[in-house]
1. In contact with a helix residue (DSSP H, G or I) (Cβ under 8 Å, 6 or more places away or on another chain) and in contact (Cβ under 8 Å) with a residue 60 or more places away in the chain: does that describe Val149?
2. Within the stretch 94-111, which residues are charged (D, E, K, R) and either in a helix (DSSP H, G or I) or in contact with a strand residue (DSSP E or B) (Cβ under 8 Å, 6 or more places away or on another chain) (or both)?
3. Restricting to the stretch 125-175, and then to whatever is hydroxyl-bearing (Ser, Thr, Tyr) and modelled with pLDDT of 90 or more, can you tell me which residue is surrounded by the fewest Cβ atoms within 10 Å (Cβ to Cβ)?
4. Which numbered condition in (1) within 25 Å of Cys150 (Cβ to Cβ); (2) surrounded by 15 or more Cβ atoms within 10 Å (Cβ to Cβ); (3) of a type in the set (A, V, I, L, M, F, W, C); (4) at pLDDT below 95 is the only one that Leu72 fails?
5. State which residue is most open to solvent (accessible area, probe 1.4 Å) when the search covers only the stretch 20-67 and only residues that are of a type in the set (Val, Ile, Thr) and farther than 23 Å from Leu231 by Cα.
6. Is it the case that some residue within the stretch 50-71 is in a loop (DSSP other than H, G, I, E, B), out of contact with any Pro (no Cβ under 6 Å at 6 or more places or on another chain) and more than 20 Å from Ser152 (Cα to Cα)?
7. Any idea how many residues of the stretch 79-91 are touching a residue at least 40 places away in the same chain (Cβ under 8 Å) and on the phi < 0 side of the Ramachandran plot?
8. Is it the case, given these coordinates, that Phe91 is surrounded by 14 or more Cβ atoms within 10 Å (Cβ to Cβ), part of a helix (DSSP H, G or I) and among the aromatic types (Phe, Trp, Tyr)?
Amino acid sequence: MSLEQKSEVWLEEYSKKYPWVRNIIKEYGLDLPLYNLDRETTHSSWLEVNRANFTEDVHFLKAFDEYVTERLPANFSSVLDVGTGVWTYSFALATFFRRYKKGVPIVGIDKDPHDIQLAEDSIRNRKIQDVATYLSDIKDWSRCHDIIVCLSPNLMTSEILQHIAEFTPTRDFFYSIRSRMPEDGLFVIGLNYITEPIEKYKDALRPFFTDIQIHKNAYPSDKSMNPIEYLITAKPKQAKEAIAEAKVEQKHQS
């Protein structure tokens with residue numbers, strides 16, 4: 001049996017387990033020869049594109065297709081990924097958003113130089129076009145984007161929200177996000193390894209965002225380094241309302 005035939009056998013078995021896989025491949029035009037479906041590593045790799053990467057990509061696309069598609073802003077023109085890290089989802093992000101807006105530029109920022117280098121390696125190895133990375137913190141970022149994505153292993157235990165009870169870092173971070181979005185934009189958060197009640201995230205978002213929807217991901221991938229457990233989508237509040245609420249909270253904290 002040839003490698004191509006072996007790969008097809010594996011894909012057929014995987015499609016029996018997850019019947020929606022074939023449809024995702026077709027809808028998003030995944031090029032199967034890009035993946036080495038004859039080999040599988042423990043987790044997805046930005047150096048070797050194999051079954052683990054395929055699994056991660058199709059599960060990511062299914063989750064975004066289910067929870068994000070209907071909320072996409074009309075005629076969006078740019079996407080920002082905050083806290084890019086090694087950016088294992090760069091290919092899936094580009095594939096998802098470009099199905100709805102061909103050629104839309106996608107930018108990733110991170111304040112860790114080492115992670116930026118790894119992200120650039122991922123982009124190069126996956127041959128992703130019109131995707132760029134920059135060394136920056138969201139508070140220092142000057143551009144505005146229609147869609148902002150933050151796919152963190154766990155925001156609740158990161159330095160951004162480690163003092164969530166006081167809300168000071170939360171206010172700074174989410175206010176910075178809101179300040180870089182138009183009023184018809186969309187904010188998407190992917191979370192995993194949740195250690196706190198998920199409603200705390202909603203409380204943290206509420207001063208600056210509205211129409212907050214929390215989705216328990218029914219399509220997590222066990223081959224991802226950072227499998228998405230929850231997807232949260234939110235619309236920005238009117239700018240004046242968000243600023244007013246930020247001032248009220250700041251006064252309350254002082």
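The values are calculated or read from the model by the stated rules, or taken from the named source; none is laboratory data. Computed from a predicted model, the values in this text were never measured in an experiment. Here the Cβ positions follow ideal geometry from the backbone for every residue, glycine too, while neighbour counts run over all protein chains shown. Remember, those area values only see protein heavy atoms, side chains included, never the ligands or the DNA or RNA. Shrake-Rupley method; radii C 1.70, N 1.55, O 1.52, S 1.80 Å.
1. The answer is yes for Val149.
2. Arg98, Arg99, Asp110, Lys111
3. In this case the residue turns out to be Ser142.
4. Among (1) within 25 Å of Cys150 (Cβ to Cβ); (2) surrounded by 15 or more Cβ atoms within 10 Å (Cβ to Cβ); (3) of a type in the set (A, V, I, L, M, F, W, C); (4) at pLDDT below 95, the lone unmet condition for Leu72 is (4).
5. Step by step, filter the stretch 20-67, then rank; the result is Thr42.
6. No, every residue in the stretch 50-71 fails to be in a loop (DSSP other than H, G, I, E, B), out of contact with any Pro (no Cβ under 6 Å at 6 or more places or on another chain) and more than 20 Å from Ser152 (Cα to Cα).
7. Summing the residues that are touching a residue at least 40 places away in the same chain (Cβ under 8 Å) and on the phi < 0 side of the Ramachandran plot in the stretch 79-91 gives 9.
8. Here the answer is yes, as Phe91 does meet what is asked.
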